[in-house]
Structures are given as C-alpha cells and as structure tokens.
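What follows draws every value from the coordinates through simple rules; no lab data is involved. These numbers were taken from a predicted model, which means no experiment stands behind them. Every residue, glycine as well, gets a Cβ built from its backbone with ideal geometry; the counts of neighbours run over all protein chains shown.
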C-alpha cells in the first residue's frame, strides 16, 4: 500500500550527511559519491545523489545509511552527532584502552575546562541584551553538546582506568 502523503526529508540530516561527504572528499581528494554509489550497488553516482536531494521521492534505506557510514570511516561523526543530538544523546568516540594515560586524561580535562569556559563566555555575551534569541540558543546548545561530549569521554576514560587497575 502506498503512502497517501509524501514524507519530508530532514534537511539537517541531509546537511550533516553532505558535510561528512565533504570531509571525506577533502581528506582523500576523491569524489565520494561515485565510491558510495559503487558500494551500494548503484549503476550511476546520480542514483546515490538522488537519495540526498531534499525533494526527491527516493529515500535512503537504513541499510544504505549503514553501508555509507561503513565506507566513510572516521567521517561519520557529523551524521552520528546529528542523530544523537536529535534524540537527546551524546556521541563520543570509544576510548581505546592502550591510549588512556594520565597525560591523555589531563589533556581531556583541559579541553573540558576550555569548552566550559567558551560556553560560559558565549552565554554572557548572549545575555548582554537580557534575552536569548533563537540563534543564540542554537549556538549555546551546540557548545553545550560539545562540552557534554568531552565530559562523557572523560568519565569513560576514568572508568577504563579504574577497570584496568581492578583487573591488573
């Protein structure tokens, strides 16, 4: 049974996906559209590009999203950040046990302090007129998300260090 109304594509998701493609292109100096079209089994890159057009009736399947993300490697972070942020989660890279050290933890804590300071400063600047507009709120949300992601990673690193000490 066909739907009686067209589903609207999420513009912010498409922007995040295209940003990930742009990052991939910059790093590898290739056009990712053809690479992903091949990985997804499309005959032409335009078939893949159509999935990313806001008003095209072709939609990306979940399996196609996963295959695209598998091929984008480290460049999937903008896509994951969008999905996590939309549903109230924080996305941070998984810590690797060998890379966790006191120096890394100290550096991460310094990043958290800096991000927290930036968030606080942005809030003070936004409140100079005694009210927050939509753009100011969105900027504060982005900075708060980044700060929370760093704090979550810091907590994860500490848990991994604790676990290593208990197991060792």
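Some points to look at:
- Using alpha-carbon coordinates, inclination of helix 102-126 to the longest axis of the chain, degrees: 80
- Pairs of Cα atoms farther than 30 Å apart, the chain, %: 37
- Every helix of 4 or more DSSP H residues in the chain counts as -39500 (n - 2.57), and over all residues that averages to -22500 deg cm²/dmol at 222 nm.
- Each part gets one Cα centre, and for segment 7-64 versus segment 106-153 those centres are 31 Å apart.
- Relative contact order (percent, whole number), segment 11-86, Cα cutoff 8 Å, 6+ residue spacing: 40
- Angle of helix 11-28 to the longest C-alpha principal axis of the chain, folded into 0 to 90 degrees and rounded to 10: 80°.
- Ranked packing of 40-49, 54-63, most packed first, by mean Cβ within 10 Å: 40-49, 54-63
- Listing 127, 69 from fewest to most neighbouring C-beta atoms within 10 Å gives 127, 69.
- Stretching the chain fully between residue 137 and residue 15 yields a gain of 41.9 nm (0.36 nm per residue, less the alpha carbon separation).
- Sorted ascending by nearby beta carbons within 10 Å, beginning with the fewest, 70, 167 become 167, 70.
- Between helix 62-72 and the chain: long-axis angle, C-alpha atoms, 0 to 90°, nearest 10: 60
- Dividing the mean sequence gap of close Cα pairs (under 8 Å, 6+ apart) by how many residues the chain holds gives a relative contact order of 21 percent.
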